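For reference, the structure discussed in these notes is given below.
The values are calculated or read from the model by the stated rules, or taken from the named source; none is laboratory data. What you are looking at is a predicted structure, and each value in this text was computed from that prediction instead of being measured. Glycine gets a Cβ as well: all are built from the backbone with ideal geometry, and neighbour counts include every protein chain shown. These area figures cover heavy atoms from the full protein model, side chains too; ligands, DNA and RNA do not enter into them. Shrake-Rupley method; radii C 1.70, N 1.55, O 1.52, S 1.80 Å.
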Amino acid sequence: MIAHQNSDSKNSDEVQRSPLEMAVMAALVIGIGVWIGERRGEGPRIVLGVMIVFGLSCSLAWRPVLARNRNAWLVLLVFFASGVLRSDHEWRSVKAPVLGSYQGQGVLRSDPRAHGRSVHAILEIEGQRFDVWAYGPNRLRLGRYRAGEVIGVDGERRELAPEKARRRQLRHVVGRFDIDSLSTVPNGSLSRASPMILAAHRVRSALGDGARTLSTHESALFAGLVYGDDTAQPPEMIDRFRRSGLAHLTAVSGQNVAYILAIAAPVLSRLRRSTRLILTIVVLGWFAVLTRQEASVIRASTMAGVAAVVFAAGRRASGGQILCAAAGVALLVDPFLAWSVSWWLSMSGAGGLIYLTPAVTRLSARWRGNDADSPGWISRWVSPMCAAQIGVLPVSAAVFGVPSAWSIPCNLLAVPVAGLVMLAGFPLALAAGFMPTWLAGVLMWPLGVGVRWVDSVAALGSRLRPPALVDQVVVGVLIVMVLVAMWYHRRERRVPT
């Protein structure tokens, strides 16, 4: 009897795991195709990529459920070829700039950002993007515009410096544009803007008006927490958030996307399923425009879009399946995300939350003597934070080194308050933007307290720098804890009920 139950449980687990395995393999072959597409003419890279894809495909034959799906090989081949072709097309596009003098109109694709005595922005000219560095009077003129606006320019299109070419090409920049003069277009800077860009500009302006009662530093941090705008943040603020492990708070993430959908939920929930899907995609696209299409918001918005499509189709999908599907879709849309550190940090953090949180929560409940199904509020508060930190650890350590031991307590102290600011900040700041100054100050006062708390935690965490050995020991303890948690989690799931 027990053997029969174990067999049924094993078969059930196989059925549940097979779609996830297929989603993981699809995302992997797309990623490998994107990697090969960078230099399609190099034989060794092609051979290695094909061998990896062939090995992944062969592993399908060893899975009892997937082996019966004869279309799996064809699907993986299509995904692989799509990744190669999309990557090859993008690389060819950025390596074929049109150079020479130009006089006409250009569209700003980034917010102008001050760098010392200059202002930098990305300007799109005839479908190609160029770095623009403005000095002198042009610096003041360019700084008044925002992403999506049209400006009149006269200057010279030049090649990128060889040592900076690849890094800039990964931002879809093909060259450098030296401005001789800058002017306002006759029909207005927003004459070619889409309705989404117009709405995003008006909302950002209203949010800025609502935060006018905060101090300059508080207003800059508030913009970073609510809609990921860090252009006004001073270098010392950016540095202390990085040193304390809180830099992710000023980049739009899944939490911000969840909050914007929560704000729209009262309207969306009253609509039919098809209409709800369309408007959900529109809201996600608009929010991506509002937040300037950063890698983290692309990941979060794509996941939310995939989940909305699955729900509209009347299906169910696990978080892992949605994450892998979102990765594949995003890489096909923009293959250069495969070389983005922000993208990998966002993906690894989401993976840690999805795959590691249940195991860490179960282990925490076991230590406290609670039932795994009701671990208590402390476990529900601490476990996701530890899981996310472990998830981003490989990427963070490889790029930035071993994180500070203070990053976990700083996150535990700052994230809940930052979450409240994100959730309440959007509607309250919009309302405050249309109120008298004294009333806006009353409405924004609690948000100002929350912003100051988050900044104070970041400042404290950046000052308290433990020895490197302590950082390494804490990281080791976290890794061991997660390994033990996963072992307990897998063992208890195998127990027949």
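Numbers for the structure displayed
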item	result
Complete set of residues in the range 172-189 that are under 30 Å from the mean Cα position of the chain (by Cα) and either surrounded by fewer than 16 Cβ atoms within 10 Å (Cβ to Cβ) or small (Gly, Ala, Ser) (or both)	175, 189
The lone exception for residue 287 - which of (1) touching a Leu at 6+ places or on another chain (Cβ under 6 Å); (2) open to solvent by less than 30 Å² (accessible area, probe 1.4 Å); (3) among the hydrophobic types (A, V, I, L, M, F, W, C) it fails	(1)
The range 79-117: number of residues that are open to solvent by less than 30 Å² (accessible area, probe 1.4 Å), out of contact with any Gly (no Cβ under 9 Å at 6 or more places or on another chain) and more than 24 Å from residue 200 (Cβ to Cβ)	2
Contacts under 7 angstrom Cβ, first residue in the range 86-105 being among the acidic types (Asp, Glu), partner in a helix (DSSP H, G or I), 6 or more apart	88/37; 90/335; 90/336
Subset of the range 259-276 that is without any contact (Cβ under 8 Å) to a residue 24 or more places away in the chain and of a type in the set (Gly, Ala, Ser) - its residue that is surrounded by the most Cβ atoms within 10 Å (Cβ to Cβ)	264
Strands (runs of 3 or more DSSP E) enclosed by the range 104-185 - at least 2 residues per element that are of a type in the set (Asp, Glu)	150-158, 173-183
In the range 190-202, the residues that are within 11 Å of residue 107 (Cα to Cα) and either open to solvent by 30 Å² or more (accessible area, probe 1.4 Å) or among the hydroxyl-bearing types (Ser, Thr, Tyr) (or both)	190, 191, 192
Criterion violated by residue 460 - all others in (1) touching a Pro at 6+ places or on another chain (Cβ under 8 Å); (2) part of a helix (DSSP H, G or I) satisfied	(1)
Any hit, the range 388-395, residues being over 28 Å from residue 284 (Cα atoms) and either at pLDDT below 75 or surrounded by fewer than 20 Cβ atoms within 10 Å (Cβ to Cβ) (or both)	yes
Cβ-Cβ under 8 Å pairs, at least 6 apart or on other chains, the range 469-483 side more than 16 Å from residue 382 (Cα to Cα) and touching a residue at least 40 places away in the same chain (Cβ under 8 Å), far side aliphatic (A, V, I, L, M) and open to solvent by 50 Å² or more (accessible area, probe 1.4 Å)	471/402; 472/402
Those residues of the range 224-236 which are open to solvent by 10 Å² or more (accessible area, probe 1.4 Å) and on the phi < 0 side of the Ramachandran plot, in sequence order	227, 229, 230, 231, 232, 233, 234, 235, 236
Residue match in the range 208-215 (condition: farther than 21 Å from residue 422 by Cβ, hydrophobic (A, V, I, L, M, F, W, C) and buried (at least 19 other Cβ atoms within 10 Å of the Cβ))	no
Test set (1) under 29 Å from residue 21 (Cα atoms); (2) buried (at least 21 other Cβ atoms within 10 Å of the Cβ) - residue 319 fails condition number	(2)
